[in-house]
Amino acid sequence: PPPPPAGGYMLRVWVPGYGWSSSAATLFNVSTVLEEVEVNGDVIALAGASGTAGSFSTGLGGEVELTLRGRGLGVRPPDMEVAVCGEPCRIIRVAPTANLTCVTPLRRSAIVVDAMPAIFRDEDLATHAARFYTDAGTSEGFLAQEAFTSLVDTATTLHYNGRWHTRSACWFAFELPLHKQARISSVEFFPPTDMFRRAKVVDSVFEVRNLSAPTEWQQVASLSSSAIAGFTIMPGWNVLPVDPPMAAQAFRVRILPDACGSPGELMRGVRFTGTLLDYVDSAACPVELRRVSHTLASYTGVRVPVPVVVSHGLDRTPVIRSLSPAKGSARGDTLVEIMGSNLNPLGAGGVALTGSAATSAVTVTFNSYPCRVTGVSAIVISCLTGERDRGITPPSTRVWVGGRGVALINASVEATTFSYIDRWSSVYSWQDSEPPVDGDSVIIPEGQAILLDQNSPKLFFVLVSGLLEFDRRDLEFNATYIWISGGHLSVGTEESPFLHRATITLHGDRWWTIELPFMGSKMIAITNAGGLNGGCHTEALRHNGEGSTPCHVRSVGKLDLHGRPGISWTRLVETAKAGSSLLRVEEAVDWPNGTRIIITRSHRSEREELRRVVALHEGGSVVELDKPLVFEHLGEWYFHSSLEGRTPVDMRAAVGLLERTIKVQGDDASERPGNAFQFGAHMAVMFGGEMRVENTEYFRTGQAANFGRYSSHWHNLSPGRTVDAIKGYLRNNSYHDTFQRAVVVHGTDYCTVKHNVAYRTHGHSFFTEAGDEHFALFEHNLAIDPKPHHILLEDDKDPAGFWLPGFTGWHISNMAVACARGWRLQTLPGVASKQHDLTFYNNSAHACGFGWHLKPPHAPRVLNVFRDFTA
């Protein structure tokens with residue numbers, strides 16, 4: 001029989017009535033003896049006294065099979081450890097004690113990372129951590145792991161096991177595996193939500209080091225260099241660049257000076273971002289059998305060097321740059337061509353394979369589904385897709401080339417990802433081959449994906465539990481109800497925005513269109529599947545913005561609208577005189593010719609003006625208008641001797657973009673007298689779901705006199721599904737000529753509302769509703785001339801740009817123009833009256849009746865500090 005695995009084997013005797021012997025005798029010792037090494041069908045090395053050393057070349061993507069044969073090897077993959085270039089070689093097959101086969105690891109040398117930035121992007125380095133620890137050691141590793149990986153609704157503190165473990169100073173750290181290092185490019189820090197706790201951590205520093213010489217910690221960033229917002233540092237994520245980038249293996253945040261010595265939160269999160277690299281950065285490196293063990297052995301086998309040198313090179317690396325077509329039916333039989341370089345497989349001796357030998361030596365999978373290879377050359381692989389029979393899976397492309405390994409993808413995800421999706425225009429996509437017509441309802445079930453590649457008919461009800469994606473062309477979509485129930489409606493992505501025109505129009509009237517429970521009518525509603533009755537919206541669950549285990553749902557509903565990127569609004573840097581057709585703006589813009597923009601008023605007796613862009617000059621810093629201005633619009637700072645040593649007053653008018661490539665709107669009837677008058681479209685995520693909307697235009701949205709039917713709305717996600725709110729946002733959108741508020745945050749924590757423009761909304765423009773909301777971020781939003789709403793709240797008759805129910809939220813760098821009140825704070829009874837932390841910094845109110853209006857008077861229980869407010 002073959003010998004057992006390497007190690008020492010001892011003998012002890014058990015005697016009835018006496019038990020085990022007090023000592024053990026050595027039976028035998030087994031050593032590992034390597035006899036043969038094979039790569040890609042070639043025997044490249046023979047071990048032993050008369051053996052020969054060998055070498056082989058392979059690609060950088062890894063997954064080339066390396067086989068070791070001999071005696072004294074392990075019985076199972078966990079019994080052994082093989083390293084290539086100091087990194088684990090994943091064992092995939094074992095013949096007990098006689099041979100093992102492993103696949104080589106991906107190589108991340110600095111040269112390759114620099115040459116292929118599309119492949120090796122910056123990432124959150126804590127996802128690769130080998131261990132977490134604090135100044136108290138690994139016993140508090142769970143605290144460090146929480147700091148570097150938890151969502152921001154979880155506070156990191158020194159409280160555990162029922163008591164506070166305070167001390168004069170503290171730090172939190174993680175390390176990468178020994179065989180890895182990272183080139184760090186930035187640090188992100190989410191400080192405590194309480195402003196006084198933020199003041200205690202303002203001097204915290206971020207440090208890195210290596211695990212071998214030099215091992216001293218080096219500071220790469222300091223929290224004190226971040227922006228100041230009011231009383232102390234900016235709430236929310238503070239991004240601190242590391243320039244130039246620095247290579248390191250360990251990372252920590254050191255909290256100073258006295259936050260660790262007092263009970264309270266220390267942070268909400270910290271992220272070190274950078275590019276992961278190999279620590280052994282060599283083109284040629286050794287192979288080593290590091291460990292052989294067995295449960296019966298008293299000690300493990302010793303390390304055994306393998307007489308093989310591995311060389312990695314770009315000339316051996318398959319690289320993918322594109323594929324076509326990018327979409328095909330879930331039924332399969334789509335012929336896909338993958339373009340790149342070094343795609344032909346190699347056989348024994350590095351000879352290129354041809355014919356059937358070549359096609360059988362290449363494997364392709366799209367989204368974990370195999371694609372049968374039909375043809376191979378050095379620059380093209382052809383394959384035929386099969387049926388997508390296990391539902392919708394995450395997008396991925398994997399190509400393995402024999403003798404070379406896994407292909408690297410040196411292009412965007414959009415250019416190199418295949419989607420199994422059926423076209424709306426195909427009769428085969430519909431039951432009984434009957435495409436929908438006007439008045440029909442459409443259900444896209446779980447596991448189904450539909451590509452809208454033509455304008456839709458005027459549909460009644462659309463239920464999306466699978467995927468509905470807009471094709472990259474000008475499209476119109478018409479319906480009365482759109483309910484995303486655990487599914488996904490996608491118009492563009494963050495990485496690849498929608499550059500064509502997409503118009504979503506909702507139809508219906510106030511009296512004859514039936515309202516669905518919770519959601520209403522003429523709406524886009526986002527909910528999770530299985531989340532409406534799971535207790536996620538139970539009022540008793542509300543608490544102070546702290547984390548809780550998310551309510552279980554079957555699937556998360558998602559809305560993604562990502563229009564053409566562009567600056568939403570900026571300010572003048574030079575006064576635009578009446579009669580002028582040129583605007584000189586603070587930020588260079590790339591607004592398309594013909595786009596409608598708004599120039600805000602500088603005086604209450606004047607008016608804002610609407611114009612269209614004719615041309616851009618001086619790199620976008622000067623905007624030419626289609627007709628001259630009627631009024632003067634200031635582009636000046638006001639200086640006065642009494643303000644010496646202080647920030648001058650910013651009197652500059654704003655210029656905002658009103659039109660976007662994606663538009664959500666109510667039908668024409670909603671602006672005409674009749675049953676649908678001022679009954680526009682509304683959008684809401686309710687009790688759970690992710691709403692990511694950017695660079696989108698809202699027009700004829702909101703439903704006058706209907707509470708809860710706003711242009712865009714988070715409704716009661718916290719605490720059960722705060723996780724969904726954290727992943728969502730409303731940013732860079734334009735709201736104009738609406739029949740209700742632009743943005744409403746209700747019963748939801750950590751909402752993000754940034755860079756939006758709201759013009760001529762009815763009622764308050766940006767609205768925080770109930771007072772139990774925590775840490776909603778309103779940053780760099782522009783509210784212009786909201787109109788009175790006489791049948792909503794009493795003070796909607798004198799609408800504010802921003803309305804608050806208590807001292808809650810973060811309002812930073814916003815601007816209100818021509819509002820009855822720039823900011824209105826009316827403290828509601830209950831939870832709202834106990835809120836005490838309103839961060840209010842660098843906001844402006846121009847040509848408003850009140851800049852800031854607090855009525856009735858209310859004093860929060862702790863001091864709030866407002867800074868740099870211009871009225």
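Summary of values
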item	result
Rg in Å to one decimal, and Dmax rounded to a whole Å, for the range 239-323 via C-alpha atoms	22.6, 59
Computed E for H858/R672 - FRET, C-beta separation, R0 30 angstrom, nearest 0.05	0.10
Relative contact order for the chain, counting Cα pairs under 8 Å that sit 6 or more residues apart, in percent	8 percent
Between the range 145-221 and the range 467-482, the Cα center-to-center distance that results, in Å	45 Å
Bridge type composition, the range 309-432 - antiparallel percent by DSSP, nearest 5	85 percent
Cα centroid separation, the range 802-817 to the range 600-656 (Å)	23 Å
Estimated 222 nm signal from helices in the chain, with DSSP H stretches of n ≥ 4 weighted -39500 (n - 2.57), rounded to 500	-1000 deg cm²/dmol
Candidate residues W217, W637, W810: accessible-area rank, largest first, probe 1.4 Å	W637, W217, W810
Proximal aspartates and glutamates relative to K458, as straight alpha-carbon distance under 16 Å, when same-chain residues fewer than 8 apart are discounted	E434, D438, D440, E476, D509, D667, D668
Spin-label pair I791/D258, simplified geometry with 7 Å Cα→Cβ offset, distance in nm	5.9 nm
Alpha carbon centroid spacing (whole Å) that separates the range 1-45 from the range 549-597	70 Å
Under 5 Å, built H, 5+ apart or other chain: amide partners of E476	N455, S456, T503
Estimated distance in nm for a label pair at D798 and S311, the labels positioned 7 Å out from Cα along Cα-to-Cβ	8.2 nm
Neighbourhood charge, 12 Å Cβ-Cβ cut-off, centred on A297 and excluding it, Lys, Arg +1 and Asp, Glu -1	0
Mean Cα-pair separation over length for the range 606-650, i.e. relative contact order, pairs under 8 Å, 6 or more apart, %	27 percent
Relative contact order of the range 207-340, defined on C-alpha pairs under 8 angstrom at six or more residues apart (%)	14 percent
A871 paired with R167, simple spin-label distance in nm, labels 7 Å along Cα-to-beta-carbon	4.8 nm
Per-pair calculated FRET efficiency, R0 = 51 Å: M10 and D124 via Cβ, rounded to 0.05	0.60
The range 727-871 shape via C-alpha gyration tensor axes, a/c threshold 1.5	rounded
Label selected from [x] 2.33; [y] 1.17; [z] 1.10, the criterion being Cα Rg over 2.2 N^0.38 Å as computed here	[z]
Extension reserve of the K727-E494 stretch, reckoned as 0.36 nm per residue once the Cα distance is removed	82.6 nm
Candidate residues E773, E606: accessible-area rank, largest first, probe 1.4 Å	E606, E773
Highest average packing first - 385-394, 584-593, 339-348, Cβ atoms within 10 Å	339-348, 584-593, 385-394
DSSP beta bridge pairing in the chain, given as percent antiparallel to the nearest 5	55 percent
Sequence-distant residues sharing a close amide H with S580 (under 5 Å, placed H)	L629
Residues whose placed amide H lies under 5 Å from that of Y735, excluding near-sequence neighbours	Y698, V757, A758, Y759
Linear extension gain, S621 paired with A326, 0.36 nm per residue minus alpha-carbon span	102.4 nm
Descending semi-axes in whole angstrom, ellipsoid equivalent of the range 586-658, from the Cα gyration tensor	27, 16, 9
Selection from L256, T505, H682, by position along the positive dipole direction of the chain (Cβ)	L256
Neighbourhood charge, 13 Å Cβ-Cβ cut-off, centred on N410 and excluding it, Lys, Arg +1 and Asp, Glu -1	+1
Charge dipole of the range 402-444 about the Cα centre (unit charges at C-beta), most positive-ward option of S433, A415, G402	G402
Using a Förster distance of 56 Å, the FRET efficiency for E216-I92 (Cβ separation, nearest 0.05)	0.85
D438 accessible area, 1.4 Å probe, all protein chains in place, Å² to nearest 10	110 Å²
Local electrostatic count at F631 - Lys and Arg +1, Asp and Glu -1, tallied over other residues with Cβ under 9 Å	-2
Lysines with Cα under 17 Å of K627, excluding same-chain neighbours fewer than 8 positions away	K577
Sequence-distant lysines (8 or more away, or on other chains) whose Cα lies within less than 22 Å of K855	K787, K797, K834
Gain on full stretching of the segment that runs from W430 to R612 - 0.36 nm per residue minus C-alpha separation	61.2 nm
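The values are calculated or read from the model by the stated rules, or taken from the named source; none is laboratory data. Treat the numbers as computed from the prediction; the structure is a model and nothing was measured. Cβ coordinates were reconstructed from backbone atoms using ideal geometry, including for glycine residues, and neighbour counts include every protein chain displayed. All accessible areas refer to the heavy atoms of the entire protein, side chains included, with ligands and DNA or RNA removed. Shrake-Rupley method; radii C 1.70, N 1.55, O 1.52, S 1.80 Å.
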